[in-house]
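Derivation of every value follows stated rules applied to the coordinates shown; laboratory data play no part. Keep in mind it's a predicted model, so treat the numbers as computed, not measured.
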């Protein structure tokens, strides 16, 4: 795994979903591009970077759906109340029907569809000198965190994550904090310890 000495805290790449994983990284120029560009010239200077291999826990979908369901239920209650008083305030019936249709579509997208898509996009992989994190919905965000920039690594667990025996790994650098969410508790602890160990080794090499 080749990595140049990054001047910035992280390197971040936004890739449309249809191009997910179809990218090259030019370590000398610090540039990304498509595989079409790779085949068209200077292949010797460019290395194909594949998507990260590891997925987060499947139970993350349940956690995200429950989280999205709470505000959705509140909106449904408001809509039901407004529907009940629609006649009193002379609200046209078509307005009520449109509101119900919009809420039904919104519920399907936010509670059912988006959590499933988020899980399929969320990937990560830890190398000796960097952490590769990928996530997004319509736009895929790839972030490379150099080990030499890692200051400390933690695990955190709220009530909902604890209910499903999940934990989130937080990776803190001088500039920001990155997260790998909803891992199994044992996996999160092992990943935290691995990153901490590699970050210390990287610092000793400087």
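Kindly give Rg over Rh for segment 107-159, based on alpha-carbon atoms, with the Kirkwood expression for the hydrodynamic radius.
Here the Rg-to-Rh quotient is 1.09.
Shape call for segment 104-206 from the C-alpha gyration tensor, a ≥ b ≥ c root eigenvalues: rounded (a/c under 1.5), prolate (a/b greater than b/c) or oblate?
Prolate.
Compute the orientation-averaged projected area for segment 60-118 from the convex hull of its Cα atoms and round it to one decimal in nm². Please report the intermediate quantities before stating the final value.
Working: hull surface 15.4 nm².
Across all orientations, segment 60-118 yields a mean hull projection of 3.8 nm².
What length, rounded to one decimal in nm, is gained on full extension from residue 185 through to residue 53, with 0.36 nm per residue of separation minus their alpha-carbon distance?
Stretched fully, the residue 185-residue 53 segment lengthens by 45.6 nm.
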